[in-house]
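Q: One structure coming up, written as structure tokens, with questions to follow.
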Amino acid sequence: MSEWVAVCDERDYELMGRVARSLDASAEIELVGTSDALRRTVFEAVPGELGAIVGQVDGGVADVNLAAAIAHDGNARRVVLARHGVSGSLRSRAARAGIDDVVDLDEGDGGPGGGVSASDGGRLAQSSDCPPGPSARLSPGREGAAVLTFCSGRGGVGKTSIVAAFAAQAQRWGMRACMLDLDLSCGNLFSCFGLPRGTDLSRLAEGGDLGWSASGLSVAVTPLLGLAGPCERPESAELVSPYVAKVISALARECDLLLVDTSTTLTDAAAQAAQLADRLVIVSDDRPGGAAALARVGGLAVRLGVARTRIARLENRASPRRGANLALGRAEVGLEVARVYRAFDGGGEAADLLAEGLALELPDSGGPFAESVAISLAQMLAELGRLPACEEAARAAEGSTAHRRPTLFGLRREAR
Ligand SMILES: Nc1ncnc2c1ncn2[C@@H]1O[C@H](COP(=O)(O)OP(=O)(O)O)[C@@H](O)[C@H]1O
Ligand SMILES: [Mg+2]
């Protein structure tokens, strides 16, 4: 006998039993009421004791993300995604996320054991929800990721926080995303994800062969999200400059979205990332001196040859009660054509999640910060023609987000 635990829509309760038995005849299945309960039950079980079956939940948008999260937790004996209408891209996305099996509930003859057929993750089939859209719709002549480089000209405006929040949101939409920490001497992007370190890019200069591939240059934060950089020793940072362009193109080849964080001072590494970006996003906040910092960075970007149409502004810690501060981009600053995005102040909760290494929980935390991040990211991607074919992303591009239930971690935090 083997034990399985499952979550699904009410109408599929009976089918889940058949799914389990189609996978193994002696299956015992227990159904739980929510996605969070499923993840928690598997997470807290003896490693390898339970198999997890993720049926269609929340209208099907989130089920593949839930299955990917359980696979990533690493505690399940086997992770199965069971849903109506399985597409080829869903199968390949599930395989990439480490999901063991994808079962199409619409297949089979509907007799005993019918209505269900299992196949392994490597040969999985197409969903209208969150297939890995961007790689399928690259603009002609341009391969690889959309590259967004974030800079500011002053510290503490939230570049690192925005990169972390964008990355968490992108991978939630099923995008293969990678972060590159070019704050080479002091970067702390890894800590937003609870990692002890990133990768040491100075090894490139020391002749160390990281391999010019995403897996050599970056660490996996989740199956869909990688992180490259910064340098282990601050004094080695300047040795990395000659390799930055090559690092960016190697990473961009293997993902849908590359997010580049930079240091406060515009180093040579940051300048290269600005030149290679599809969008150079200048992050600002409304502390005094913001206009001067914007003018400095905007002017430098233009002198570096970054087209004004490729420069965007992001006002961080904005207030939902006020509109964008367009005066900040006025003619003397030179950014009057730059599109303005906004990320709202997330208060202590967003800062705490980042400080505790729980950036992946930001999209589920709800509230104005998470929602404004989703909207800004979706609108930037839409402008670049790289919006993932995902209902949530499409809604965000139109400026609205659905209310989300708190996650396992959200519930735990509330229970404290
Ligand atoms: N929108 C926001 N809401 C709440 N706190 C934020 C927001 N953006 C940044 N912070 C907090 O501000 C501090 C500085 O942000 P950080 O991302 O490190 O800035 P930078 O990388 O530009 O130096 C961090 O403690 C971060 O958690
Ligand atoms: Mg930073």
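Q: Can we say L294 is assigned to a helix (DSSP H, G or I), out of contact with any Lys or Arg (no Cβ under 9 Å at 6 or more places or on another chain) and farther than 26 Å from A170 by Cα?
A: It is false that L294 is assigned to a helix (DSSP H, G or I), out of contact with any Lys or Arg (no Cβ under 9 Å at 6 or more places or on another chain) and farther than 26 Å from A170 by Cα.
Q: Does the range 316-324 contain any residue that is touching a helix residue (DSSP H, G or I) at 6+ places or on another chain (Cβ under 7 Å) and modelled with pLDDT of 90 or more? Steps first, answer last, please.
A: Going residue by residue through the range 316-324, those that are touching a helix residue (DSSP H, G or I) at 6+ places or on another chain (Cβ under 7 Å) are 316, 320.
Within this subset, residues satisfying the condition of being modelled with pLDDT of 90 or more are 316.
Checked the range 316-324: at least one residue is touching a helix residue (DSSP H, G or I) at 6+ places or on another chain (Cβ under 7 Å) and modelled with pLDDT of 90 or more.
Q: Would you mention how many residues in the range 10-36 are in a loop (DSSP other than H, G, I, E, B), open to solvent by less than 50 Å² (accessible area, probe 1.4 Å) and within 13 Å of V54 (Cα to Cα)?
A: Step one: filter the range 10-36 for residues in a loop (DSSP other than H, G, I, E, B), giving 24-26, 32-34.
Right, trim to open to solvent by less than 50 Å² (accessible area, probe 1.4 Å) and you get 24, 32.
Retained after the next criterion (residues that are within 13 Å of V54 (Cα to Cα)): 32.
Adding up the residues that qualify gives 1.
Q: Same structure, new question: Being part of a loop (DSSP other than H, G, I, E, B) and open to solvent by 10 Å² or more (accessible area, probe 1.4 Å) is the requirement here; does G155 meet it?
A: For G155, the condition - part of a loop (DSSP other than H, G, I, E, B) and open to solvent by 10 Å² or more (accessible area, probe 1.4 Å) - is met.
Q: Among all residue pairs at least 6 apart or on different chains, which show Cβ distances below 6 Å where the first residue, located in the range 181-206, is in contact (Cβ under 8 Å) with a residue 12 or more places away in the chain and the second is acidic (D, E) and within 10 Å of ligand 2 (Cβ to nearest atom)?
A: These pairs meet every condition: D181/D261; D183/D261; G187/D181; L189/D181; L189/D261; G198/D181.
Q: Let me ask another. Please enumerate the residues belonging to the range 354-392 that are at pLDDT 95 or above, among the small types (G, A, S) and crowded, with 21+ Cβ neighbours inside 10 Å.
A: Hits for the range 354-392 are A359, A370, S372, A374, S376, A378.
Q: Under 8 Å between Cβ atoms, which residue pairs at least 6 apart in sequence (or on different chains) link something in the range 334-358 that is in contact (Cβ under 8 Å) with a residue 60 or more places away in the chain with a partner that is more than 15 Å from ligand 1 (Cβ to nearest atom) and in a helix (DSSP H, G or I)?
A: Every condition considered, the pairs that remain are Y341/Q379; Y341/M380; L358/F409.
Q: Within the range 39-55, can you find the residues that are open to solvent by less than 20 Å² (accessible area, probe 1.4 Å) and either within 22 Å of the chain's Cα centre (by Cα) or not assigned by TED's automatic domain parsing to the domain that holds A20 (or both)?
A: Residue satisfying the conditions is V54 alone.
Q: From A228, A220, A252, A214, grab the single residue that is without any contact (Cβ under 8 Å) to a residue 12 or more places away in the chain, within 19 Å of the chain's Cα centre (by Cα) and in the same structural domain as S376 (by TED's automatic domain parsing).
A: Residue meeting the stated conditions: A220.
Q: Then there is this: Please indicate, with yes or no, whether at least one residue in the range 327-341 is away from ligand 2 (no atom under 16 Å from the Cβ), assigned to a helix (DSSP H, G or I), open to solvent by 70 Å² or more (accessible area, probe 1.4 Å) and not hydrophobic (A, V, I, L, M, F, W, C).
A: no
Q: I've got another one for you. For the range 157-197, which positions are within 16 Å of ligand 2 (Cβ to nearest atom) and at positive phi?
A: Residue satisfying the conditions is G158 alone.
The values are calculated or read from the model by the stated rules, or taken from the named source; none is laboratory data. This is a predicted model, so every value here is computed, not measured. Because the Cβ atoms are built from the backbone with ideal geometry, glycine has one as well, and the counts that use them run over all protein chains shown. SASA here: full protein model, heavy atoms, side chains in, ligands and nucleic acids out. Shrake-Rupley method; radii C 1.70, N 1.55, O 1.52, S 1.80 Å.
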